[in-house]
Amino acid sequence: MSTDSNKGIKFTEQLQSTAINIDPDLKKRANDFLKDAELPTTRNEAWKYTRLAKLNKVAFVQNEDTSLSRSFEIDREACRITFVNGNLATNLSDLKLPEGVNIVRLRGNQHEQFKLKTNPEELFGAINLSYLSDGIYIHVSKKVKVDQPIEIIHVLKGSDVISNFKTIIKAEEFSQVNIIQGFFAEDGASSCFMNNSLEIDVMDNAILSLDKIQDENKEAFHISNEMIDQQKDSTFTINTHTLNGGLVRNNLNIRVLGTNCSTNLFGTYLLNGRQHVDNHTVVDHKVPHCESNELYKGVMNDQSTGVFNGKVFVREDAQKINAFQSNANILLSDTASINSKPELEIYADDVKCSHGSTTGQLDEEAIYYLQTRGISKTSARNLLIRAFVEEVLENIANENVRQFTESRLNDRFNWAL
Amino acid sequence: MIKIQNLHASVEGKEILRGLDLEIKAGEIHAIMGPNGSGKSTLASVLAGREDYEITEGSVEFDGQDLLDMDTEERAREGLFLAFQYPVEIPGVSNINFLRTALNEKREYLGQEAMSAKDFMAMVREKSALVELDPKLASRSVNEGFSGGEKKRNEIFQMAMLEPKLAILDETDSGLDIDALRIVANGVNTLKSKDNATIVITHYQRLLDYIVPDYVHVLFDGKIVKTGPKELALELEEKGYDWIKEELAQ
């Protein structure tokens with residue numbers, strides 16, 4: 001144990017260990033790790049700009065009450081399953097699954113064995129394994145094109161409640177599916193914590209798109225650890241749109257293991273107040289003839305802070321890789337800030353890669369021009385912000401998800417046109 | 001329409017307009033000419049409401065109201081239009097979207113109902129034809145990737161859409177070839193009516209062959225120093241501005 005009592009992990013002290021035992025070896029390693037674990041400080045490179053000390057001010061509890069004052073949905077046409085604080089809300093979940101899709105709840109699962117990708121020696125991965133509330137395994141059968149999107153909704157409710165949830169997805173060869181993850185908070189939810197874990201296998205020639213909407217509240221903590229493995233000829237697309245949240249950290253790790261893969265990462269973070277959103281992404285090209293595209297855009301107002309850390313590895317054998325990465329930011333106030341660090345590590349010699357990062361303010365000249373046409377200053381600013389993020393939003397292939405995202409932006413920032 | 005009296009304006013402590021007087025009535029076209037640095041573009045910016053300028057003295061009455069008391073967008077909604085010397089490129093904002101926003105904000109301000117999408121599109125087709133603007137440009141991002149001539153035609157297209165009472169064309173002719181100049185001038189002449197007025201700010205007499213002014217004013221050192229009929233423009237073209245400076249010195 002550390003002699004400095006402030007450094008230990010206090011926020012989990014009241015939690016009950018999970019009865020879910022999906023990967024016993026890994027769970028044991030997680031438990032061992034947590035005995036001596038400390039909260040990472042900003043001296044730790046991975047957490048340089050994200051302070052976690054606030055977590056230790058809350059004694060999180062688990063809560064199995066799944067009643068909600070209203071339902072949450074993103075795509076009304078999707079097959080929807082709802083979890084409240086990590087517990088299945090049966091009344092808000094569809095029982096009928098699309099053809100070719102099988103879903104197994106991790107709680108009570110006796111049949112499926114899993115070999116997990118989670119790192120048990122990483123704090124939030126370890127906590128997730130040790131205190132797992134529940135989880136689901138989504139299996140998409142070979143050669144099935146699933147027309148109906150699968151929507152997994154998570155709602156935080158109550159005070160100081162933690163949800164440790166794991167989603168495992170396997171899209172078999174030649175399958176195609178759109179999965180939506182929505183993260184919300186009920187009105188009045190205070191200091192809740194979504195500790196989310198996601199593991200995906202995209203098998204040969206499969207096409208998987210994941211639309212992730214983060215729309216919790218200003219007091220909510222959200223940490224996501226997402227691990228994706230892509231096999232040959234597969235396509236993986238993720239749209240991460242952070243519309244609301246207090247302290248948000250997304251760790252997105254994609255390993256491209258097979259040749260001829262496409263990988264797309266799109267994200268926005270639109271912040272005000274004292275919100276903090278940190279996107280750490282890794283695309284690891286291990287084999288040749290693949291392409292990856294990454295575009296993240298942020299708009300920060302008030303005293304909000306953003307972090308973008310994007311890493312692209314191109315390993316020695318990974319020739320003929322096209323990898324593009326870009327991060328652009330607009331600061332709307334003098335007190336908002338962004339730390340942006342795009343990184344390329346290239347060990348192959350026949351590749352096309354680029355990366356870039358820009359940070360600026362709204363173009364005053366453009367605002368004046370719009371005003372001279374009779375558009376108010378506020379509308380002019382909104383038009384420009386909207387245009388800025390539109391380049392990312394237009395990549396959401398699911399029309400309903402895109403409309404939902406845009407209408408929430410209208411609600412929150414008054415960007416209606 | 002507009003009555004400017006003893007207008008003084010400075011930028012960063014430097015006085016550019018030094019007691020400018022000008023009155024324009026509905027139905028008239030006034031040309032303002034003058035050498036570089038005489039204050040022509042400053043006048044356009046001050047009237048449009050650019051914030052960089054400080055008005056230290058004088059008044060501007062626009063249709064019976066105090067223009068200087070209004071925000072930039074309010075002036076536009078009241079019917080003032082500035083065609084920019086250097087139109088601004090706005091990536092990601094479509095010409096159409098922004099014009100619809102502008103039109104509807106203006107209509108709301110005037111207590112009128114919003115225009116239907118159908119009527120709006122019909123108007124876009126009609127007005128873009130007026131300045132021979134490719135309808136495809138109407139749906140592209142504002143001025144982005146437009147040629148110099150397309151940008152200027154886009155200014156007149158916007159003017160046609162917004163139907164201002166007073167239009168100020170700030171060096172709209174600069175950089176235009178003769179065909180583009182004709183198109184722009186034709187647009188302005190077609191839009192002319194007994195109820196609106198135009199200020200044409202230019203460096204060259206050439207434009208005034210196509211847009212014929214009722215009055216020509218010479219702006220020098222922040223003041224209007226000479227006013228005459230359209231022939232004055234020809235005289236300026238021929239003799240330059242030195243003779244006016246000499247007249248003033250006497």
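Can you tell me the order of B:79-90, A:189-200 when each peptide is scored by its average per-residue count of other Cβ atoms within 10 angstrom, highest first?
Details: B:79-90: 21.6, A:189-200: 23.2.
Ranked from most to least packed, the peptides come out as A:189-200, B:79-90.
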Which ³J(HN,Hα) values in Hz, rounded to whole numbers, follow from the phi angles of the stretch B:210-223 under the Karplus curve 6.51 cos²θ - 1.76 cosθ + 1.60, where θ = phi - 60° and Gly and Pro get x? 9, 10, 8, x, 7, 9, 10, 10, 9, 9, 9, 6, x, 9
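At a probe radius of 1.4 Å, figure out the B/A buried accessible area, summed over both chains, and give it in Å² to the nearest 100. Mind showing how you got there, number by number?
Values: alone 12220 and 17800 Å², together 28050 Å².
Its buried surface, counting both partners, is about 2000 Å².
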Interface residues, the stretch B:77-91 - accessible area loss of 50 Å² or more versus chain alone, probe 1.4 Å: B:F84, B:V88, B:I90
Amide H proximity to A:R249 below 5 Å, modelled H, separation 5+ or other chain, gives A:H222, A:I223, A:S224, A:D278
Amide H of A:I238: which non-local residues (sequence gap of 5 or more, or other chain) have their own amide H closer than 5 Å, using H built in the peptide plane? A:L210, A:N264, A:L265, A:F266
Can you compute the FRET efficiency between A:K142 and A:Q110 using 1/(1 + (r/R0)^6), with r the Cβ-Cβ distance and R0 = 35 Å? Round to the nearest 0.05. 0.90
In the stretch A:265-288, whose amide N lies under 11 Å from the spot 7 Å out along Cα-to-Cβ of A:Q319? List them in ranges. A:288
Solvent exposure ordering (accessible area, 1.4 Å, most first) of B:M161, B:M123: B:M123, B:M161
Can you pull the percent of the stretch A:356-417's accessible area that's carbon plus sulfur, 1.4 Å probe, other chains left in place? 42 percent
Across the alpha-carbon set of the stretch A:143-250, Rg over Rh with Rh taken as the Kirkwood radius works out to 1.04
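Tell me, what is the per residue accessible area of chain A in Å², probe radius 1.4 Å? Mind showing how you got there, number by number?
Details: 16760 Å² over 417 residues.
Dividing the accessible area of chain A by its residue count gives 40 Å².
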Residue-level accessible surface for A:R412, protein heavy atoms, 1.4 Å, Å²: 50 Å²
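Apply the a/c threshold of 1.5 to the C-alpha gyration tensor of the stretch A:340-417 and tell me whether it is rounded, prolate or oblate.
Values: a/c = 3.23, a/b = 1.61, b/c = 2.00.
Oblate is the answer for the stretch A:340-417, as a/c is 1.5 or above yet b/c matches or exceeds a/b.
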Please provide three numbers in whole Å: the alpha-carbon extents of chain A along the principal axes, with the largest listed first. 67, 48, 48
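Within 10 Å of each Cβ of A:292-304, how many other protein chain Cβ atoms are there on average?
Values: counts 0, 0, 0, 0, 0, 0, 0, 0, 0, 0, 0, 0, 0.
Per residue, the number of nearby Cβ atoms from other chains is 0 on average.
Once you average over the residues of A:232-243, how many Cβ atoms of partner chains fall within 10 Å of each Cβ?
Working: counts 0, 0, 0, 0, 0, 0, 0, 0, 0, 0, 0, 0.
Across the residues of A:232-243, the mean count of other-chain Cβ atoms within 10 Å is 0.
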With every protein chain kept in place and ligands, DNA and RNA left out, what is the accessible area per residue of the stretch B:2-249? Probe 1.4 Å, answer in Å². 45 Å²
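Once you average over the residues of B:158-170, how many Cβ atoms of partner chains fall within 10 Å of each Cβ? Display every interim value, and only then the final one.
Details: counts 2, 1, 0, 1, 3, 0, 1, 0, 0, 0, 1, 0, 0.
That average works out to 1.
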Karplus-derived 3J(HN,Hα) from phi for the stretch A:394-401 (6.51 cos²θ - 1.76 cosθ + 1.60, θ = phi - 60°), whole Hz, x at Gly and Pro, runs 5, 7, 6, 6, 6, 4, 5, 5
With 5 Å bins from zero, work out the P(r) of chain B over every alpha carbon pair and list the percent per bin. 1, 6, 13, 18, 19, 17, 13, 8, 3, 1, 0, 0, 0
Whole Å is fine, so just give me how far the alpha carbon centre of the stretch A:171-223 lies from that of the stretch B:1-70. 57 Å
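On a 21 Å Cα-Cα criterion, which of the cross-link pairs B:K40/B:K245; A:K145/A:K297; A:K115/A:K157 come out too long?
Numbers: B:K40/B:K245 17 Å; A:K145/A:K297 31 Å; A:K115/A:K157 31 Å.
Flagged as over cut-off: A:K145/A:K297; A:K115/A:K157.
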Along the stretch A:275-286, Karplus-curve 3J(HN,Hα) (6.51, -1.76, 1.60; θ = phi - 60°) to the nearest Hz, with x for Gly and Pro, reads 4, 9, 10, 10, 10, 10, 10, 10, 10, 10, 7, 9
Ignoring ligands and nucleic acids, what accessible area does A:K352 show with a 1.4 Å probe (Å², nearest 10)? 130 Å²
Anything over 30 Å Cα to Cα? Flag those among A:K28/A:K96; A:K232/B:K136; A:K218/B:K106; A:K48/A:K212, in the order listed. A:K28/A:K96; A:K232/B:K136; A:K218/B:K106
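Leaving out ligands, DNA and RNA, what percent of the accessible area of the stretch B:2-249 is carbon and sulfur, probe 1.4 Å?
Values: 4880 of 11060 Å².
Within the stretch B:2-249, the accessible surface is 44 percent carbon and sulfur.
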Put A:F236, A:F413 in order of accessible area, largest first, probe 1.4 Å, and you get A:F413, A:F236
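Using a Förster radius of 22 Å, what is the FRET efficiency between B:T227 and B:Y86 based on their Cβ-Cβ separation? Nearest 0.05, please. Please list the in-between numbers first.
Details: r = 28 Å, r/R0 = 1.27.
Approximately 0.20, to the nearest 0.05.
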Report, in whole Å, the centroid distance computed from the Cα atoms of the stretch B:183-243 and the stretch A:67-130. 73 Å
Peptides A:271-277, B:175-181: what's the order by average Cβ count within 10 Å, highest mean first? A:271-277, B:175-181
So which residue, out of B:V225, B:V11, B:V212, gets the largest mean-square fluctuation from a GNM of chain B using Cα contacts under 10 Å as springs? B:V11
Could you list which residues have their amide H under 5 Å from that of A:I168, counting only those 5 or more apart in sequence or on another chain, with H placed in the peptide plane? A:I136, A:Y137, A:I138, A:E199
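The values are calculated or read from the model by the stated rules, or taken from the named source; none is laboratory data. The structure presented is a predicted model; accordingly, all values stated were derived computationally and were not measured. No Cβ is skipped: glycine too gets one built from the backbone with ideal geometry, and neighbour counts run over all protein chains shown. Note: areas computed on protein heavy atoms with side chains; ligands, DNA, RNA excluded. Shrake-Rupley method; radii C 1.70, N 1.55, O 1.52, S 1.80 Å.
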